[in-house]
Amino acid sequence: MALSWRSWLANEGSKHLVLFFWLSLNVWLFWKTFLLYYRGLQYYYLHQMLGLGLCVSRASASVLNLNCCLVLLPMCRVLLAFLRGSQKVASRKTRRLIDKSKTFHVMCGVTICIFSVLHVAAHLVNALNFSENYNEDFLALNAANYRGEDPRKLLFATVPGLTGVIMVLVLFLMCTASTYAIRVSNYDIFWYTHNLFFVFYILLMLHVSGGVLKYQTNLEEHPPGCFNPNKTLLENMTVPKAFEELFPDYATEPFPEDLPVPEPFVQSKFMRICSKEPKFQSHFPETWFWISGPLCLYCVERLYRYIRSNKPVTITSVISHPSNVLEVRMIKDDFRARPGQYVILHCPRVSGLESHPFTLTMCPTDTKATFGVHLKVVGDWTERFRDLLLLHSNQDAEILPIFQQRHYPKLYVDGPFGSPFEESLNYEVSLCVAGGIGVTPFASVLNTLLDDWKRYKLRRLYFIWVCRNVESFRWFADLLCMLHNKLWQENRPDYVNIQLYLSQTDGIQKIIGEKYQALNSRLLIGRPRWKLLFEEIAKCNRRKTIGVFCCGPNKISKILHKLSNSSNSYGTRFEYNKESFS
């Protein structure tokens, strides 16, 4: 299958165009600010003292202002969920760009790291120049107290210097803890260090309030490099002190303002005359303008989320599934959610600070208020949470509803929030591929179709589920069978095409239970042949746009992504959407 530029533009083109635009914008902003400080007359004397260090530090600071302003917006989850669910964003392409909010957040973070290195390097040069190029003519320009002062004092004994050093340490912790290896091995480190962003922004506001770099305010009265006859004569004329004491009336005085300037000075065409000394003033902290809006918006949203999630949910049932999977069903007043969305769970008895996102596997409807999540027990938080919910932790070996009356721990739910899988019902044809526990986003879609499939645009769904253990299919075996039977009764057996793949096995296995016969006939051994699968789907859906949704390992995701960008002879176009575990 050859590369299709139309499919590439639909899947990757928009992301690459945004990346190119963002990179170009940062480079353009850096260059324009660099030229402003390099050529600007108001920075003439400061530039003579600091050289290119001034231009590079201010240019990188402007890029940092922009990125520190926008890096918070992708984390405003309520705002993004509102935009995705509102009619204001009617275009599917625009909604898919909203799904790239995490990518944009990472892009801004990487930009902050790169230009922070440039900014720090420039200011190290500036600190050295402030010490060596101490200006005795214009004392207001100096950051050092005297010529030859130790530059380390400027870095550790001043507010801008000390806050800058601490900010570099905080940024280093946040960046290193954001790497994929640390997030996968120990998510708690990533979570706690990333919450240092609030400390970073407080230090940033203090950092820019120092007013170290100054600009000239009276350019009309004193153009840079002009000649001040009063100062020049006073400096060049030496009068004996005894003469001044005996004849005070003949002491040196500046030229009166109404007296013409001496002729020799006026005749020189290379010399400009000025009547006043230059005046310097610190810049107003522009960073406050950049970050105040997004920071206030983020704080307001966090306050709204806290108020919204302040009331604990009512846990109605807990079901332990095979392969260390726990299902929790809950009820909450006025809770509304769309298929494919996720929530954030917080259990104070497990951890007072930690919260973790889980995809909804059951959404509330008009007829029932219950919603639920499936979570895989893989870490300390989920293990402690399971032990609090289950009467006996060894019951996770079988499907076992907890009917006994007991006092469940308080559980708070924040959300719901949007995800790419909300679009799965907005295509005429959708291909949903799940790997292991990655089936959870599609479970809410299947539950919704079971409730009423006729109200949605979707007319055909290809559902592919790949698992290593046959017992894993029992997580949603009842749901798949009920949906299958309902569609057969309504004479739409082709509405959902279910294929279950068992990737690792020693022989032929089946899902235990007579009621799962419909699934046993769709259980295949081995891995899917993705290329043939895409060819078959394209052939059956000529000249249509198919939404491809994947939640599973990166290896499967990369294969599907590549095939979605490939062309076919049937005029079928695949649009790729992805959710990852990381």
Ratio Rg/Rh, restricted to segment 127-217 and using Cα atoms, in which Rh is the Kirkwood radius: 1.17
Whole-Hz ³J(HN,Hα) from phi, Karplus 6.51 cos²θ - 1.76 cosθ + 1.60, for segment 331-348, glycine and proline x: 9, 9, 5, 6, 8, 10, 8, 10, x, x, 7, 10, 10, 10, 9, 9, 10, x
Summed residue charge, Cβ within 9 Å of Glu428's Cβ, Lys/Arg positive, Asp/Glu negative: +4
From phi via Karplus (6.51, -1.76, 1.60), per-residue ³J(HN,Hα) for segment 212-219 in Hz, x at Gly/Pro: 6, 8, 10, 10, 7, 9, 10, 5
Solvent-free Debye scattering, log10 I(q)/I(0), computed from the Cα coordinates of segment 57-200 at q = 0.15 Å⁻¹: -0.87
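Relative contact order (percent) for segment 73-152, with alpha-carbon contacts under 8 angstrom and 6 or more residues of separation? Intermediate results must be reported in sequence, preceding the final value.
On the way: 38 pairs, mean separation 16.9, N = 80.
Relative contact order of segment 73-152: 21 percent.
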Cα gyration tensor category, rounded, prolate or oblate, for segment 456-565 with a/c compared to 1.5: oblate
Built amide H within the under 5 Å cut-off of Leu524, gap 5+: Leu500, Tyr501, Leu502
Placed amide H near Lys279: partners under 5 Å, 5+ positions off or other chain: Thr217, Asn218
Thr361 long-range amide H proximity, modeled H, under 5 Å: Gly372, Val373, His374
Restraint check, Lys311/Lys578; Lys153/Lys279; Lys100/Lys486; Lys368/Lys544; Lys32/Lys93, Cα-Cα greater than 30 Å: Lys311/Lys578; Lys100/Lys486; Lys368/Lys544; Lys32/Lys93
Exceeding the 29 Å Cα-Cα cut-off - candidates Lys457/Lys562; Lys102/Lys214; Lys332/Lys376; Lys454/Lys562: Lys102/Lys214; Lys454/Lys562
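FYI, it's all coordinate maths here, none of it is from the lab. All values derive from a computational prediction rather than experimental measurement. Positions of Cβ are generated from backbone atoms using ideal geometry, with glycine treated the same way; all protein chains shown enter the neighbour counts.
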